[in-house]
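The values are calculated or read from the model by the stated rules, or taken from the named source; none is laboratory data. The shown structure was predicted, so the numbers you read here are calculated from the model rather than taken from an experiment. Note that each Cβ is placed from the backbone with ideal geometry, even for glycine, and that neighbours are counted across all protein chains shown.
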């Protein structure tokens, strides 16, 4: 029994779709622990800063802990990532480029208040997650990134007095839920 060219093309298209779904699923499971960890960091950071603004210095400790945790997670996942397409260097390279961009942006367009600073970081994270979703075919990351951008903007303009609590709930909680969603991919 032989295949016609049309049947062969249909079979190849089905194989490609399966490969894309498998890659996206693996990416989601790989990303999940990072999202959950950073969601917890956001929830703690924004909630503590809202309740006790004089403790906003603790963001430095949380961010350093998150970076160390991310490096440890990436080391633990290195073997699996090598077998299935190593995106690790892309994440860290992209994160580094965004960190440089953020530093340049904050030095050129200086935020006027703490609320603006508190909005800029999640907006940058939102675009980072959106781009990850686009270039890794991890399509769940795209809506997660866009949700972070939309909810941050909404909270900044509509709930300025409760913005830090809003970000603790929807920013931190959203990342945690996103991580749990990715685990089910």
Problem set entry | The listed residue being under 19 Å from the mean Cα position of the chain (by Cα) and at pLDDT below 85, out of 29, 110, 21 | 29
Exercise. Scanning for something more than 14 Å from the chain's Cα centre (by Cα), surrounded by 15 or more Cβ atoms within 10 Å (Cβ to Cβ) and touching a residue at least 40 places away in the same chain (Cβ under 8 Å), does the range 142-153 turn up at least one residue?
Worked result: no
Exercise. Somewhere in the range 147-165, is a residue assigned to a helix (DSSP H, G or I), modelled with pLDDT of 85 or more and farther than 27 Å from residue 51 by Cα?
Worked result: no
Seminar exercise, completed: Listed by first then second residue, the pairs whose first member lies in the range 37-61 and is touching a residue at least 60 places away in the same chain (Cβ under 8 Å), whose partner is outside any helix (DSSP H, G or I), with beta carbons under 7 Å and at least 6 positions apart or on separate chains, are 49/56
